[in-house]
Amino acid sequence: KMKMGLVAVGLVLVCLTSSFSLPLHVSDVGTLMEAAKNNQHIVLHENDYVLPSTLTLLGSTVLTAYPNHNVILRLHASASHPVLRIYNVSSVHVSSLRIAGHNSSQYSMAVEVKHGRNVTLDTVDVVGGVAIQGGKDHTITRSRISNPHSSSHGNCVYLTKAGDPMNLTTCNHVVSHTEIFDCRGLGDPWPSSQYPCKPKPGKPCPIDPYPNITGNGILLNQVIGANVSNCYIHDVNYHGVYTQARLHSKFPDPNETPSALNTIALNLIQDYGQCAEQKLCNYSGLSGNNGMPGADPGCIYFFDGPFCCYGTHVINNFCHLHKAGLKGLYIDGSSSGVTTVGNVLYNVTGNIIDNNDGQDNIHFGNIAINGKNMGSLTDSNFWGSKQGPFNITTGAACTSHYWDHYKNYDNVNRTKWISMYFNSPAWMKHFPEIQAWFMKTSWDSPHGPVSCDEKNQFLDCCMFPIGTIANYSIMVNTPAGGQCKDEAHCTWNNISTFFCGNTNAFDAPVGCWPQTAEFQLVGPQKLYTSDPGFEDMANLNFALKPDSQIYKDFPGFPVIPFDKIGPKQNKWA
C-alpha cells in the first residue's frame, strides 16, 4: 500500500511539473528563439536582443523581464515587422519589456495579435504600434505605445474585425491605463484627383475615404464590444480615438460590417490633429487648406453610416488642446446610435459636438471650456439637393417610396445589406429604437406616428436624423481663458435648432417642416462667462463642486469623476 501511495504521489508530482513548469531564464537570442518554440514561462535577463526574424509565441506562454532588468526586443535590419507575433493561440502574457520596431515605415506593426483568446500585453513599451485582429478577451494595459515612423498607416493601436457583428457577441478587448502617443500616419495619397482610381472588371476602386485611418491614437475598425478606458493619448496626426464601420453605398460585400457596443471612457486625449505640423504629412500637396489630407480631426471620431456605431458610449473623457482649434465629439457621415455623456473639452474651438446626420445619437451633459462653437446637428442627406423641394435626387433613402419615384436605386443593395443586421433577432433585441424608423415612411415616435413625407416629396424616414438629441450642453468662456477681454465680450455659437440649411429641399412652398416634426431635438444649453463652480479652474481641474451653479441650473447634470480620468499605475508614465 505504501508503495502504491508513493507511485500515486509521484504521478501527482509529474502532473504538477508538466502543468506548472519552472521559469526558464534566458540571456541570449539563440536561447530565446528556441525557448519560444515551446509554450513555457520565459524570463529575460537584461540585454538588447537583436532577433534574426519575427519572434512567434505559442499558446500558454509567459514572456517577461526579470525584475528591474532593462530588456529590449528588436529585429535585425534585414528582417521586416512584426517584431513579435501571436497568432491563433490563447493564454499568452507579455510583460515588463520594450519592443523596438524599425526606424522606418513598415508594412506591418511592431506587434501583431491575430485571433486566439486571452492575450495580454502588460507594462510593455512598443515603438511601431500594436495590431489586434479578431479574437476575444485580448488586453493592452499599463503600457506605452507609439508609432513615430508610420508603420502600417501610422496608427498606434489598431483593433479590427473582432466580435460577431450579426449576433452582437462582444470581443471584450480592453485597452486601458496606457500612454499612446507619436502616432504619425501620413495620410493616404489616393484616391484623389492626382492619383485617380481606374476600376477594372472585377476590380472596383477601393472604398474611400482611407486617409482618415492614418495616424490615429486608437482605431477601432468593425469591432463589437471593446473597451478603451483610462488612456493618455497625445501628439497624434489625426483623431485621438476613431471608431469606424465599413459600408459602401453601391458595392456592399461580406467584409463590410458594423461596429457596435464599444465603450470609450475616462481617457485624457491631448494635442490630436497634428498632421499640419508634420512636414511629410503635407508633402504631397493633397492636404487641402487645413493640412489634414482627407481628414477633419476630432478628439473622438466616428464614421460612417448607420453601421457605425450603435450602443457605443463615450463617457467622461477629457479632450485638451494646447493649441486651440479642431473639433471635439465628431459623429460623422451618418454615424448612429452613439451616446456621449459628461465629456470635458478644453481649447477646442471647432464644433464641440459635430453631429453630421445619423439616427439615435444622444449627447448629454458635455462641457466645453475656452471654446467657440457648441456644435451642430445637421442633415447631410439633403446637402446635394439644389434643384428645389420636389426634385430631391440625393439621400440615404431606404424604401421604394423614394427609389421608384426618383428612379434612383443607388441605395437598394445598401439597404438590403443593412437590413440583414438591423432586422436580425440580436439587433432587434439590443436596439429596438431602429425599428421605429428603418425602412419606413412614418416614424413611430414616443408621442405617436410622425410622417416622414409630410409634403409629398417622396421621402422616407432613413433620410432624417431621427432620435438624435443634444441636451444640457455647457460652454464656459471667461476672460481668464483668453477668448474674450471681459465678461461682456465673452460669446459663443450655440447649437442651432434650425435643421434646414445647406439645401433647397425645403424651400417654399414646402417650408422647414422637419423642424416641427422634431426628428432631432436640442435641449437646454448655456454659456457661462465666469467660473460656474469648478474645483480648480486655473489649474484645469474641471470637476464640479457640489454647489456648482451648473447643478442648480441643470438638475440631474451628470457628475464627472475628473480625478479618475487618465492612466493609473503605469510604470512608463
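The values are calculated or read from the model by the stated rules, or taken from the named source; none is laboratory data. This is a predicted model, so every value here is computed, not measured. Glycine gets a Cβ as well: all are built from the backbone with ideal geometry, and neighbour counts include every protein chain shown. Protein only, heavy atoms only, side chains kept; ligands, DNA and RNA dropped before computing areas. Shrake-Rupley method; radii C 1.70, N 1.55, O 1.52, S 1.80 Å.
Between SER91 and ASN167, the FRET efficiency estimated from the beta carbon spacing at R0 = 30 angstrom works out to 0.75. How far apart, in nanometres, would the label points at SER445 and LYS200 be if each is projected 7 angstrom from Cα along the Cα-to-Cβ direction? So the label points at SER445 and LYS200 sit 5.3 nm apart.
Run lengths n ≥ 4 of DSSP H only: what is the helix-derived mean residue ellipticity at 222 nm for the chain, with -39500 (n - 2.57) per run over all residues, to the nearest 500? Value at 222 nm, helices only: -3000 deg cm²/dmol. Between THR339 and HIS489, the simple spin-label model (points 7 angstrom out along Cα→Cβ) gives 4.3 nm.
Potential lengthening of the chain between ILE362 and LYS568 amounts to 71.2 nm, from the contour at 0.36 nm per residue minus the alpha-carbon distance. Using R0 = 22 Å, the C-beta based FRET efficiency linking LEU521 and GLU454 works out to 0.80. Segment HIS25..LYS323, full-extension length gain: 102.5 nm, with 0.36 nm per residue of separation and the alpha-carbon distance subtracted. Contact order, relative form, for the chain: 9 percent (alpha carbon pairs under 8 Å, 6 or more residues apart, mean separation divided by residue count). Would you be so kind as to identify which of SER548, THR178, LEU266 lies farthest towards the positive end of the dipole of the chain, taking Lys and Arg as +1 and Asp and Glu as -1 on Cβ and the Cα centre as origin? Checking the options against the dipole of the chain, the answer is THR178. Once the Cα atoms are used to define both axes, helix 2-19 deviates from the longest principal axis of the chain by about 50 degrees. Once all protein chains are placed together, LYS407 keeps about 150 Å² accessible to a 1.4 angstrom probe. Note on PHE498 and TRP513: their simple-model spin labels are 2.1 nm apart, each label 7 Å out from Cα toward Cβ. Among beta bridges from DSSP that stay inside the chain, the antiparallel ones total about 5%.
Accessible area, 1.4 Å probe, largest first: how do TYR158, TYR107 sort? Please report the intermediate quantities before stating the final value.
On the way: TYR158 60, TYR107 205 Å².
Most to least solvent-accessible, the answer reads TYR107, TYR158.
Taking all protein chains into account, the per residue accessible area for the chain stands at 41 Å² (1.4 Å probe). Just to verify a number: what accessible area does LYS37 come out at with the full protein assembly present, 1.4 Å probe, Å² rounded to tens? Near enough 130 Å² of accessible area.
Length gained on full extension, TYR409 to GLU277: 43.2 nm, using 0.36 nm per residue less the C-alpha separation.
Give LYS485/LYS552; LYS37/LYS114; LYS372/LYS526; LYS114/LYS564; LYS526/LYS552; LYS200/LYS416 a once-over and call out the pairs whose C-alpha atoms are over 23 Å from each other.
Details: LYS485/LYS552 27 Å; LYS37/LYS114 18 Å; LYS372/LYS526 13 Å; LYS114/LYS564 32 Å; LYS526/LYS552 13 Å; LYS200/LYS416 25 Å.
Checking Cα-Cα distances, LYS485/LYS552; LYS114/LYS564; LYS200/LYS416 exceed 23 Å.
Hey, any idea what % of segment 449-573's accessible area is carbon plus sulfur with a 1.4 Å probe? The computed percentage sits at 50.
Computed with a 1.4 Å probe on the full set of protein chains, the accessible area for ASP547 sits at about 100 Å².
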